[in-house]
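Structure first, commentary second.
The values are calculated or read from the model by the stated rules, or taken from the named source; none is laboratory data. Remember, predicted model here, so these are calculated numbers, not experimental data. Reconstructed Cβ throughout: ideal geometry from the backbone, glycine too, with neighbour counts over all protein chains shown. What goes into the accessible areas is simple: the full protein's heavy atoms, side chains included, and nothing from ligands, DNA or RNA. Shrake-Rupley method; radii C 1.70, N 1.55, O 1.52, S 1.80 Å.
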Amino acid sequence: MDNTLVRNSFQKYFSTSGDLYFSPGRINLIGEHTDYNGGFVLPGAIDKGILAEIKPNGKDIVRAYSVDLDEYAEFGLEESDKPAQSWACYIFGVVREIIKRGGKVGGFDTAFAGDVPLGAGLSSSAALESTFAFALNDLYGLGIDKFELAKIGQATEHNYCGVKCGIMDQFASIFGKAGHLIRLDCRSLEYEYVPFDPKGYKLVLIDSVVKHELASSAYNRRRESCEAVVAAIQKHHPEVSLLRDADMAMLAEVKNEVSAEDYMRAEYVIEEIQRLLDACDALEKGDYKTVGEKMYGTHHGMSKLYEVSCEELDYLNDVARECGVTGSRVMGGGFGGCTINLVPEEKYDHFIETAVKGFTAKFGKEPKVYPVAISDGARKL
Ligand code: GLA
């Protein structure tokens, strides 16, 4: 992304120049709401993200300017200094989480901007956290390893932004590699780069432009449902500490001990963990038809069992199927945002045209289309 705006803003506010850092947003091919259940995910970093110019200022304050919002914030480094602006809390949280881990960081000046659309399920917040975690680690020579940087971003969400998210988004933003998806086992944190270059297909996101910003409480409730089911299963099978350890037979055993809603949530997660493994096997064989079927399976589960889809996303999924798209599903946390679509090249133009026209006619607003380029993770420019 062009750095002129960030450079000019930094110069204007702070009359000097600093170093530039970038971290990307992410896609996830399959494996949704599995991360906090100890399952697998298959994300990749994208070519859109957050760019920040940063320079230590020798004081005990952070002075931050958001170019996109044209807002300025100033805050200290102590726990009681939490800023009022929600965007500034991401930066504050990262600083606090580093300090809590014994990292010595001082105040700094920063101006930042992004080209990853906000609230579209592409993890703009993880991109923001990763940019600052990566940059502060580098600028202050803290020697924090990459996993811990991702965990600092995740802890920021938990402790300063109210979202009890898993590790996927921050992990993908830090570890991303061009042309590769990353299969991450969210329990052991073992991961593997999987080359992804589906010949004859295009990967494209269609943004329903339904913002999922207010979804954090619904997201946290999903997580609580999963924990409630684990607690019930544990009474019969003490070795089960995450839904990853459970199977459908164990779930069936507790059918009368959990709410019908919690049951459906767990059913989705257990199936989704298996779906991802099946999709990975199919990927290895270049069998994109099966990968695509699994993606449709994920959408169905997210819509009917986990209930994190919405009318607009279901519509986009239906249109994909009608247009012969190989795989399509709502991506990320849900409640709005994008569908991810694996489209045969020869059907691409027709699909995009049909989806955009039909969606606009039905919902009175135009969906956005983002072709995906799988790119590198956090870096200094
Ligand atoms: C959000 C969270 C992730 C993950 C996804 C759903 O993006 O931040 O940790 O749970 O939702 O897969």
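What to note about this one:
- Of 134, 10, the order by accessible heavy-atom surface (1.4 Å probe, DNA, RNA and ligands excluded), from most exposed downward, is 134, 10.
- Label-reachable residues, the range 1-44, where backbone N falls under 15 Å from a point 7 Å from residue 74's Cα toward its Cβ: 13-15
- Net charge dipole, the chain: roughly 520 debye, given to the nearest 20, about the Cα centre with Cβ charges of +1 for Lys and Arg and -1 for Asp and Glu.
- Surface composition of the range 201-372: carbon plus sulfur atoms hold 49% of the accessible area, using a 1.4 angstrom probe and ignoring ligands, DNA and RNA.
- Computed lengthening from residue 235 to residue 104, 0.36 nm per intervening residue step minus Cα-Cα distance: 42.8 nm
- For a straight C-alpha distance cut-off of 18 angstrom, the lysines reachable from residue 199 (same-chain residues fewer than eight places away being disregarded) are 285, 289, 347.
- Among the GluC sites (Glu not before Pro) in the range 283-381, none is located in a DSSP loop while being surrounded by at most 12 other Cβ atoms within 10 Å of its own Cβ.
- Structure-based [θ]222 nm, the chain - -39500 (n - 2.57) summed over DSSP H runs of at least 4, per residue, nearest 500: -14000 deg cm²/dmol
- Placing a pseudo-label 7 Å from each Cα along the Cα-to-Cβ vector at residue 16 and residue 1 gives an inter-label distance of 2.5 nm.
- Label-point separation, residue 224 to residue 278 (7 Å along Cα→Cβ), nm: 3.2
- Carbon-plus-sulfur accessible fraction, the range 4-197 (probe radius 1.4 Å, protein heavy atoms only): 47%.
- Virtual spin-label span in nm between residue 84 and residue 193, 7 Å along Cα→Cβ: 4.6
- Volume per residue of the convex hull around the Cα atoms, evaluated for the range 4-197, comes out as 113 Å³.
- The distance linking the range 268-285 with the range 179-248 is 11 Å (Cα centroid to Cα centroid, whole angstrom).
- For the range 78-129, the set of trypsin sites (Lys or Arg not before Pro) satisfying both a DSSP loop assignment and a count of at most 13 other C-beta atoms within 10 Å is given as 101, 104.
- Förster radius 35 Å - calculated FRET efficiency between residue 318 and residue 61, Cβ distance, rounded to 0.05: 0.10
- Of the chymotrypsin sites (Phe, Trp or Tyr not before Pro) found in the range 310-381, not one falls in a DSSP loop while having at most 13 other beta-carbon atoms within 10 Å.
- Per residue solvent-accessible surface (Å²) - the chain, probe of 1.4 Å: 40
- Projected onto its three principal axes, the C-alpha set of the range 201-372 covers 53, 39, 22 Å, listed from the longest axis down.
- Two-decimal Rg to Rh for the chain - Kirkwood Rh, Cα set: 0.98
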